[in-house]
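> Below is one structure. I have some questions about it.
The values are calculated or read from the model by the stated rules, or taken from the named source; none is laboratory data. These figures come from a predicted structure and were not determined experimentally. Glycine gets a Cβ as well: all are built from the backbone with ideal geometry, and neighbour counts include every protein chain shown. Surface accessibility is based on the protein's heavy atoms, side chains included, excluding ligands, DNA and RNA. Shrake-Rupley method; radii C 1.70, N 1.55, O 1.52, S 1.80 Å.
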Amino acid sequence: MKSPVFKAAAALLVGAALLAPAAEAQQPKHGGTLRFVMKYEPPTLSALNNTSTPTTSAKVWDGLVTYDADLKPLPMLATSWSLSPDGLQYTFSLREGVTFHDGKPFTSADVAFSILRLKAGHPRGRGTFANVTEVKTPDAKTAVIVLSKPSPYLMVALGPSESPIVPKHVFESFDVATPPGPPQHIGTGPFVLKEWVRGSHAVLDRNPNYWDKPKPYLDRVIVRFMPDAAARAAAFEAGDLDLGGLAPVPLSDMERYKNHPRLAVDTRSFAYTGAQNQIFFNLDTPILKEKKVREAIAHALDLQAIVDTVFYGYAKVSPSPISVALSTWYDPAVQPRKFDVNIANKLLDEAGHPRAANGMRFPLRLLFNPFIDARLAEFVRQSLRRVGIDATTQNLEFGAYVKGVYTDRAFDLTIESLTNVFDPTVGVQRGYWSKNFRVGLPFSNSAHYENPEVDRLLEAAAVEVDPAKRKELFSQFQRIVHADVPSVDLVSPLEVIIANKKIRNYARGAEGLGDNFSDVHFVD
Amino acid sequence: MTTATERVPEAMPESDGAWRSLRAFLRNPSAVIASLFLVFVTLVAIAAPLIYPEDPLSMVTRPFLWPGQNPQFPLGSDTLGRDVAAGLVWGSRISLIIGIAAMALGVTIGIVVGAAAGYFGGRIDDALVRLVEIFQTTPSFLMLIVLVAIAEPRVESITVGIALVTWPTIARLVRAEFRSLREKDFVTAARGLGYGHLRIIFIEILPNALPPIIVTSSVIVASAILMESALAFMGLGDPNRISWGSMIGAGRETLRTAWYLTAVPGVAIVLTVLALNMIGDALNDALNPRLSSER
C-alpha cells in the first residue's frame, strides 16, 4: 500500500473519478430512445383523475414544483413561491415563455383551473385540496391558492406525478371523472404523445419547445405495457427494455440481475410513495374486539422473516402506521412486537380461547389486496395457524376484494397496501380517522377504529404549520395506534428498479420514476 | 358388444363378458403397470395424514432447499420453506378427489341428459341437443375460469365447474348409444313386457351402453386433473389446499433458479394423466371385442 507507484496509481484513480462526472455533466449526449415498461396499461397517462399513473404523467404534464430526494421543492412551472404568515395563502410566480404542446401559452388561468379540477376529480386531491377555497389570478404569471385552514402538506403535493397542470382550454369542456384520452394529452412537459397502441405501447416524442433547454436529451420514450412478469424478465434479458420500476422482474430472480453485464438493480426508496403493507383488523368481529387477541396475532408474526422470505430481502421492517419510508415522520420509538409463539399462545389462552381437539382455537377470514404477493398472505395464514388460529385466505380479483372489505365488510383480517404517499395527513389519516369510517369508500378506515385522542391528533397535525410540533403530534399518534393495535404494520417494500447501465438521471428526486425524464440521457 | 346386446337382457351372459374383458385387460402389460401406479397414488393419497401429519402448507424449514440436500426433506423446500414432499403427497389427494368427483358428477349429468335425448327422441331430443350445443360451442376452459371466478375458488366449486364443462361429451356419447340401442329387439321385447321408461333406460339399455362410457370416464378423470392443475397454476385454485397445479403455479416464478419446484409436481401430473390414458386405451380394447379380435 505504501509503494510510491501505488500512491501514484491511487492519485490517478481519484483524479479520474473527479474528472469523469464533470465531463459527463458538461456534455450529456443528445438522442436515443428509452424503452420504459409498465406492468399494467392505465386508462390514461395522466395523473389528473387517476392514481395508477404516477410514472407517466410527468413526461407530458409539468407540475408547479418538483422535489429533490429529501422532498425539498424545486422550481418547475413555478419559479418562486411564498406562504403568508397565517398559513392560508400560497403565492406562486409562474415561469415566462412556457407553451403547451398545441402552441397555446401557459398562464395562471391554467393553474387555477388545474388545482380546482384536481380538488374535484383526483382520488387524493379531494383530501389534499379540501381546504382550497379559491385560486386567485391577479395577473397572467401569478397564482394564489387561498385556503380556509392551513394545509402543511400542500407544498409536497404539487409534483407533476401527483398534481399535473393541464391546459384549461382543452379540459374545460372535458368531463371531470373520465380518463383523458390521446386528444387530451396536451401539457407543457418534455415529451409529446405521438401514438398509443392499446394493449401494447405508447410513443412519446421529444418536445422541441420545452422550456428547460437544452433538455430533454432523449428523442423518444416508448412506454410498453406488459402484465406478465416472465415476459418482462425475458424482454429485459433480450435487451428490449431499458427501464422499469416496482420490481419489474420476479424478486426471486433479482439476484441474477445484480451481476448482469448490461442491467443494474436500483433499490433506493423514494419519499413520494411511502410504500407500506399492513394488516387491518375488522374491529366489528367480536373476537377481534379483544385486544389480547390482536396482540397475540402481532406476536405471532416474524416481520424480519417476511422481509427475508416473502420479499427476498427487498423490503424493510416497518412496524408503525407511518411507514419507515417517510423518514421525516416515522417515530423510531415504535418497534415491532417481539416475535414469540409462546407469548402469542399465552395471550390467546388468557383471552379464553383454548385449542380444540384439532389444535385450532377459532376461525378467521383473511383477505389480501391482490396487488400484494399472495405469498405474504400465505405466510400470515401459516403464522396464525401455528398459534391455533384457523385462518383461511380467499383469492379475490381487485374489484371483488375492494367490495369484500370496504362495502360488504366480509372479512376479519385484511392485508392492505395502504401506501403513505408523501405525507401522513394524505396517506395515513384515511386508515385511522374515525370520521373516515365510510362503508363503500375504498381504502378508508377498514378497521372501524375509533379513538377520540387519535382523531384529535390527526386533525391537529393536518393544520399544524410548525414542522417540529407536527412531528410531535404524529409521534403521539403512532404510539397510541401501536398500543391500540387496530392494525399490525408489517413491511415497506422496496420499489426495485431495473435499469440499463447506460442511462443516467432516470430518478433524480423524491418522485422516483415519476421524474419527467427530461434529464435522462445515454452514456457510452 | 354385438353378440351381447342382441339378446333379451335377462339372458345376457354378463359374467362371461366381464371375465373375458378383464382377461384381455390383464394381458395388456402397459395397462397393468398403469393400474399399479394409480393404485399406488391412491394409497399415498389415502395415507397422506399418516405419512405427513402436519399441515403441508406450514413453513417447516429454510426456503430453497434443493432435493437431496437435507434427508429430512427429500424433495427439498419451496420459496417459503414448505416441504415439497409433503405437498406432493397431500396434493395427490386434491388432484384425485377433484378428478374423480368431477368425473362422477359430469358422467351422471351426461347420462341423464344423453339417455333422455336418445331414448325419447323428438322434441325432448331437439331441446337437449341445443343445450349440449350451447355448452360445446363455448370454449370449455374459459367457461370454467368464469364459473370458478364467480363462485370463488374452492374444491367444491372447482369440482362442480369441471363437471359442468365435461358433461356434454358424455351426453353426446350416451345419446348416440341410446339411439342405436332403442330400436334393438331386446328393447322392443322389454316394451312388449310393459316395462316403464325408467326401467328400460337404466336396467335394460344403460348396461349395454356402458363400455364406451367407462372408457371415456377414465380419460375425463385425466382431463379433470389437468383442468384443476391449470386453474391452480393461474392462481384460481383453492388457496387453502395444496394441489399439484398450485405447486407448479407457485414455483413458476423461480423456474430459472429452482426448477425442481415445478418439475416435481409436473412429473407427478404427467405420470398420473398418462396412466389414466393408458388405462382408457386398454379398457377400450378390452371392452370392444371386435377391435381386440381384429388385432
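> When you look at B:F202, is it in a helix (DSSP H, G or I), more than 14 Å from every other protein chain (Cβ to nearest Cβ) and either surrounded by fewer than 17 Cβ atoms within 10 Å (Cβ to Cβ) or in contact with a Pro (Cβ under 9 Å, 6 or more places away or on another chain) (or both), yes or no?
On the way: in a helix (DSSP H, G or I): yes; more than 14 Å from every other protein chain (Cβ to nearest Cβ): yes; either surrounded by fewer than 17 Cβ atoms within 10 Å (Cβ to Cβ) or in contact with a Pro (Cβ under 9 Å, 6 or more places away or on another chain) (or both): yes.
Against the criterion (in a helix (DSSP H, G or I), more than 14 Å from every other protein chain (Cβ to nearest Cβ) and either surrounded by fewer than 17 Cβ atoms within 10 Å (Cβ to Cβ) or in contact with a Pro (Cβ under 9 Å, 6 or more places away or on another chain) (or both)), B:F202 qualifies.
To keep it simple, each residue is scored yes or no on (1) free of Cβ contacts under 8 Å to residues at least 12 places away in the same chain; (2) in contact with a His (Cβ under 6 Å, 6 or more places away or on another chain); (3) open to solvent by less than 40 Å² (accessible area, probe 1.4 Å); (4) among the charged types (D, E, K, R).
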| residue | (1), (2), (3), (4) |
| --- | --- |
| A:W433 | no, no, no, no |
| A:A447 | no, no, yes, no |
| A:E472 | yes, no, no, yes |
| A:Q476 | no, no, no, no |
| A:V481 | no, no, yes, no |
| A:P486 | no, no, yes, no |
| A:E495 | no, no, yes, yes |
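> Check off (1) surrounded by fewer than 20 Cβ atoms within 10 Å (Cβ to Cβ); (2) part of a helix (DSSP H, G or I); (3) touching a Leu at 6+ places or on another chain (Cβ under 9 Å); (4) more than 14 Å from chain B (Cβ to nearest Cβ) for A:V465 and give me the number that stays unchecked.
Of (1) surrounded by fewer than 20 Cβ atoms within 10 Å (Cβ to Cβ); (2) part of a helix (DSSP H, G or I); (3) touching a Leu at 6+ places or on another chain (Cβ under 9 Å); (4) more than 14 Å from chain B (Cβ to nearest Cβ), only one is false for A:V465: (2).
> Now a separate question. List pairs: first in segment B:31-58 and within 14 Å of chain A (Cβ to nearest Cβ), second of a type in the set (F, W, Y), Cβ under 6 Å, 6+ apart or cross-chain?
Short answer, once both residue conditions are applied: B:P56/B:W90.
> Counting just the residues of segment B:66-81 that are surrounded by 20 or more Cβ atoms within 10 Å (Cβ to Cβ) and free of Cβ contacts under 8 Å to residues at least 60 places away in the same chain, which one comes out nearest to B:A263 (Cα to Cα)? Walk me through it before giving the result.
Going residue by residue through segment B:66-81, those that are surrounded by 20 or more Cβ atoms within 10 Å (Cβ to Cβ) are B:73, B:75-80.
Okay, now just the ones that are also free of Cβ contacts under 8 Å to residues at least 60 places away in the same chain, so B:73, B:77, B:80.
On the way: B:F73: 16, B:S77: 13, B:L80: 17 Å.
The residue in question is B:S77.
> Now a separate question. Kindly check whether there is at least one residue in segment B:247-266 that is free of Cβ contacts under 8 Å to residues at least 60 places away in the same chain, of a type in the set (D, E, K, R) and assigned to a loop (DSSP other than H, G, I, E, B).
yes
> Go through (1) more than 14 Å from chain B (Cβ to nearest Cβ); (2) more than 18 Å from A:D62 (Cα to Cα); (3) among the hydroxyl-bearing types (S, T, Y) one by one and return the number of the condition A:S252 breaks.
(1)
> Where the second residue is among the β-branched types (V, I, T) and assigned to a loop (DSSP other than H, G, I, E, B) and the first is within 20 Å of A:K168 (Cβ to Cβ) and lies in segment A:72-101, which pairs have Cβ atoms under 6 Å and are six or more apart or on separate chains?
Short answer, once both residue conditions are applied: A:L77/A:I165; A:V98/A:T188; A:F100/A:I186; A:F100/A:T188; A:H101/A:I186.
> Would you check which residues across segment A:326-366 are among the polar types (S, T, N, Q), at pLDDT 95 or above and farther than 27 Å from A:A410 by Cα and list them?
A:Q335, A:N342
> If I ask for residues that are in contact (Cβ under 8 Å) with a residue 60 or more places away in the chain, small (G, A, S) and open to solvent by 30 Å² or more (accessible area, probe 1.4 Å), which ones from segment A:316-371 would you list?
Within segment A:316-371, A:A333 is the sole residue that qualifies.
> Turning to a different aspect of this structure: Filter segment A:112-131 for residues that are of a type in the set (A, V, I, L, M) and crowded, with 21+ Cβ neighbours inside 10 Å; which is nearest to A:P442 (Cα to Cα)?
Residues of segment A:112-131 of a type in the set (A, V, I, L, M): A:112, A:115-116, A:118, A:120, A:130.
Then drop every residue that is not crowded, with 21+ Cβ neighbours inside 10 Å, which leaves A:115, A:118.
Numbers: A:I115: 23, A:L118: 18 Å.
Filtering segment A:112-131 for residues that are of a type in the set (A, V, I, L, M) and crowded, with 21+ Cβ neighbours inside 10 Å, the one nearest to A:P442 (Cα to Cα) comes out as A:L118.
> Looking at A:D373 and the list (1) away from chain B (no Cβ under 14 Å); (2) modelled with pLDDT under 95, which single condition is not satisfied?
Condition not satisfied by A:D373: (1).
> Failed condition for B:R256, given (1) open to solvent by 20 Å² or more (accessible area, probe 1.4 Å); (2) farther than 25 Å from B:A149 by Cβ; (3) more than 10 Å from chain A (Cβ to nearest Cβ), with all others met?
(3)
For (1) within 16 Å of B:A151 (Cβ to Cβ); (2) crowded, with 19+ Cβ neighbours inside 10 Å; (3) without any contact (Cβ under 8 Å) to a residue 40 or more places away in the chain; (4) within 11 Å of chain B (Cβ to nearest Cβ), each residue gets a yes or a no:
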| site | (1), (2), (3), (4) |
| --- | --- |
| A:A377 | no, yes, yes, yes |
| A:R381 | no, yes, yes, yes |
| A:V387 | no, yes, no, no |
| A:D390 | no, no, yes, yes |
| A:Q394 | yes, yes, yes, yes |
| A:K403 | yes, no, yes, no |
| A:R409 | no, no, no, no |
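> Another question, then. Select from segment B:233-250 the residues that are buried (at least 24 other Cβ atoms within 10 Å of the Cβ) and either more than 10 Å from chain A (Cβ to nearest Cβ) or within 22 Å of A:T309 (Cα to Cα) (or both) and list them in ascending order.
Selection gives B:I242, B:S243, B:W244, B:G245, B:S246, B:M247, B:A250.
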